[in-house]
1. Out of the residues in segment 100-125 that are in a loop (DSSP other than H, G, I, E, B) and in contact (Cβ under 8 Å) with a residue 24 or more places away in the chain, which is surrounded by the most Cβ atoms within 10 Å (Cβ to Cβ)?
2. Can you report the number of residues in segment 205-232 which are among the small types (Gly, Ala, Ser) and free of Cβ contacts under 8 Å to residues at least 24 places away in the same chain?
3. Which one of Ile10, Ile47 is crowded, with 23+ Cβ neighbours inside 10 Å, of a type in the set (A, V, I, L, M, F, W, C) and part of a helix (DSSP H, G or I)?
4. If we keep just the residues of segment 259-273 that are under 20 Å from the mean Cα position of the chain (by Cα) and small (Gly, Ala, Ser), which is nearest to Ile236 (Cα to Cα)?
5. Show the residue pairs that are 6+ apart or on different chains and have beta-carbon atoms under 6 Å apart, the first residue being within segment 72-89 and in contact (Cβ under 8 Å) with a residue 12 or more places away in the chain, the second being of a type outside the set (Val, Ile, Thr) and assigned to a loop (DSSP other than H, G, I, E, B).
6. For segment 50-75, which positions are outside any loop (DSSP other than H, G, I, E, B), in contact with a strand residue (DSSP E or B) (Cβ under 8 Å, 6 or more places away or on another chain) and within 25 Å of Ala26 (Cα to Cα)?
7. Can you tell me which condition Gly20 does not meet? The list is (1) more than 14 Å from Ser129 (Cβ to Cβ); (2) in contact (Cβ under 8 Å) with a residue 60 or more places away in the chain, and all the others hold.
8. Test Phe76 against the stated conditions and say whether it is of a type in the set (Phe, Trp, Tyr), farther than 24 Å from Ser177 by Cβ and at pLDDT 95 or above.
Amino acid sequence: MFRKNNNEIILLTGGTGFIGSHTSVALIENGYEIVVIDNLSNSNQIILDRVEKITNIRPKFYKGDVRDEILLNKIFSENKIDAVIHFAGLKSVKESVNNPDSYHDNNVGGSSILMRCMNEAGISRFIFSSSATVYGEPDYLPIDEEHKRSAINPYGKTKLDIEDILISLAKKNPNWSIGILRYFNPIGAHDSGLIGEDPRGLPDNLMPFITNVALGNIDELKIYGNDYPTHDGTGIRDYIHVMDLAEGHLEALRHNKKSSGVHFFNLGTGKGTSVLDLIKAFEEVNKVKIPYSYEKRRSGDVFSSFADVSKAKKILNWKTKKNITLMCEDSWRWQTKNPKGYI
């Protein structure tokens with residue numbers, strides 16, 4: 001049963017993307033009205049149909065880029081937006097190394113234009129989709145929000161730069177309320193199998209690689225590095241179910257409504273899972289074999305990264321509910337129902 005409408009309208013930039021689409025569902029199911037802007041560079045308009053099928057409500061949609069100031073002003077004039085959740089941006093670490101200027105223009109430039117238009121429209125509640133990549137090579141584990149920031153690739157640097165802009169903005173404008181959410185590694189899909197992760201071209205993240213190997217679209221999974229100082233030699237990450245991540249945005253919005261200034265929160269499970277651990281969990285729950293081979297380490301990869309999530313638990317009253325088994329099960333359900341993604 002959905003909650004009664006709370007009369008808040010939330011703008012989601014990049015709202016048809018992987019995390020944006022799942023957050024759209026969570027918001028609608030909790031009584032929010034949502035407006036979506038997306039240029040569809042890494043998503044598909046069919047996602048709006050899927051969100052409507054899950055929730056019986058179709059999000060209002062504007063096709064366009066957050067760097068389009070005229071379009072942003074149009075959105076803010078046509079809708080009484082209460083808060084903005086900013087997902088839009090390029091997100092491939094590998095691609096960012098090859099095209100650092102494009103990443104800066106899209107991510108940092110687009111964010112700056114969005115903030116300026118919000119300021120002109122008198123909107124001051126903002127949730128930013130940041131990343132654990134801002135921590136770089138960790139000095140200690142688990143990583144808390146006080147850990148030094150040191151991005152080791154252009155993608156992470158754009159997130160760090162946007163965080164700095166937001167910090168400066170809040171100092172100049174004390175009426176702004178900003179939540180900076182540092183995601184760890186989202187995987188999984190909505191349990192309906194209607195929406196999930198659908199990267200364009202060759203996957204850049206581990207789970208879409210695993211599911212595509214399981215489908216037979218890719219011959220084998222390449223594991224980069226088996227000589228890390230971990231229990232099985234493979235890299236460790238903090239994998240979080242995308243619906244748990246979506247719930248984190250709900251709690252951040254509620255906190256954001258009654259706070260001011262800038263607040264940083266890690267969103268993860270607080271547990272590290274190695275590449276081999278994830279493969280074994282996927283094979284066990286889905287009864288499918290994942291062939292793999294080892295390659296040398298990739299430049300810029302850290303050996304282990306997992307979150308201290310005590311701050312989010314204490315202040316947002318948020319914690320994850322779904323384990324690795326469910327993440328693997330939901331990822332495979334999505335992929336088998338949509339073997340070619342949203343096409």
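The values are calculated or read from the model by the stated rules, or taken from the named source; none is laboratory data. No experiment lies behind these values; they were computed from the predicted model shown. No Cβ is skipped: glycine too gets one built from the backbone with ideal geometry, and neighbour counts run over all protein chains shown.
1. The selected residue is Ser124.
2. Qualifying residue count, segment 205-232: 1.
3. When all the criteria are applied, what remains is Ile47.
4. Ranking the candidates gives Gly272 first.
5. So the pair list comes out as Asp82/Glu8; Phe87/Gly14; Phe87/Gly17; Ala88/Gly14.
6. Those that are outside any loop (DSSP other than H, G, I, E, B), in contact with a strand residue (DSSP E or B) (Cβ under 8 Å, 6 or more places away or on another chain) and within 25 Å of Ala26 (Cα to Cα): Lys60, Phe61, Tyr62, Lys63, Leu72, Ile75.
7. (1)
8. no
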